[in-house]
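To start, the structure under review is shown below, and the notes come after it.
The values are calculated or read from the model by the stated rules, or taken from the named source; none is laboratory data. This structure is a prediction, so every number in the text was calculated from the model and none was measured. Neighbour counts run over all protein chains shown; Cβ positions are idealised from the backbone, glycine included. For accessibility, only protein heavy atoms count, side chains too; no ligands or nucleic acids. Shrake-Rupley method; radii C 1.70, N 1.55, O 1.52, S 1.80 Å.
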Amino acid sequence: QVQLVESGGGLVQPGGSLRLSCAASGVRVGNKIVAWYRQAPGKQRELVARITGAGMTEYADSVKGRFTISRNNAANTVYLQINNLQPNDTADYYCNTFYTGVHYWGQGTQVTVSS
């Protein structure tokens, strides 16, 4: 059974940083595309970053230079480092992977940026 479990969200002040984690079980993320999405209140879910099995990364224009996606194969975990957080980064953050024809999602972790 494939499970993705996000953690690391919280309440931070503008300019702060967080590292989100996506721990996988039932699938090895080391050779899969894993993506981070976010959904702000009242808005559609949007892709913010993804990493391929080969380690290539890509980012939404709105987060380039502030977000970094990385992977620890031994821990079977994908991370999202978020720096210089801004109020418009407030959202629920989800990780996603595609395996055997199915998209898998975690339950999400909430990030709130407020002074």
What are the residues in segment 40-86 that are among the β-branched types (Val, Ile, Thr) and closer than 24 Å to residue 16 by Cβ, if any?
48, 51, 57, 63, 68, 69, 77, 78, 82
Can you tell me which residue in segment 72-83 is most open to solvent (accessible area, probe 1.4 Å), limited to those that are within 14 Å of residue 48 (Cα to Cα) and under 11 Å from the mean Cα position of the chain (by Cα)?
81
Any idea which of 104, 94 is open to solvent by less than 70 Å² (accessible area, probe 1.4 Å) and more than 23 Å from residue 12 (Cβ to Cβ)?
104
Matching residues in segment 1-34 - criterion: being out of contact with any Gly (no Cβ under 9 Å at 6 or more places or on another chain) and over 20 Å from residue 104 (Cα atoms)
10, 11, 12, 13, 14, 15, 16, 17
Going through 110, 86 one at a time, which residue ends up being more than 14 Å from the chain's Cα centre (by Cα), open to solvent by 20 Å² or more (accessible area, probe 1.4 Å) and modelled with pLDDT of 95 or more?
86
Tell me, which residue of segment 30-55 that is more than 13 Å from the chain's Cα centre (by Cα) and among the hydrophobic types (A, V, I, L, M, F, W, C) is least open to solvent (accessible area, probe 1.4 Å)?
40
Considering residues that are at pLDDT 95 or above and either open to solvent by 60 Å² or more (accessible area, probe 1.4 Å) or closer than 12 Å to residue 12 by Cα (or both), the number found within segment 59-71 is 4
Count, please, the residues in segment 45-96 that happen to be of a type in the set (Ser, Thr, Tyr) and not in a strand (DSSP E or B).
3
Quick check on segment 1-16: of everything there that is among the small types (Gly, Ala, Ser) and in contact with a strand residue (DSSP E or B) (Cβ under 6 Å, 6 or more places away or on another chain), which residue is surrounded by the most Cβ atoms within 10 Å (Cβ to Cβ)?
9
Matching residues, segment 72-115, being within 14 Å of residue 45 (Cα to Cα) and aromatic (Phe, Trp, Tyr)
93, 94, 105
Only one of 30, 53 is in contact with a helix residue (DSSP H, G or I) (Cβ under 6 Å, 6 or more places away or on another chain), of a type outside the set (Val, Ile, Thr) and touching a residue at least 12 places away in the same chain (Cβ under 8 Å); which?
53
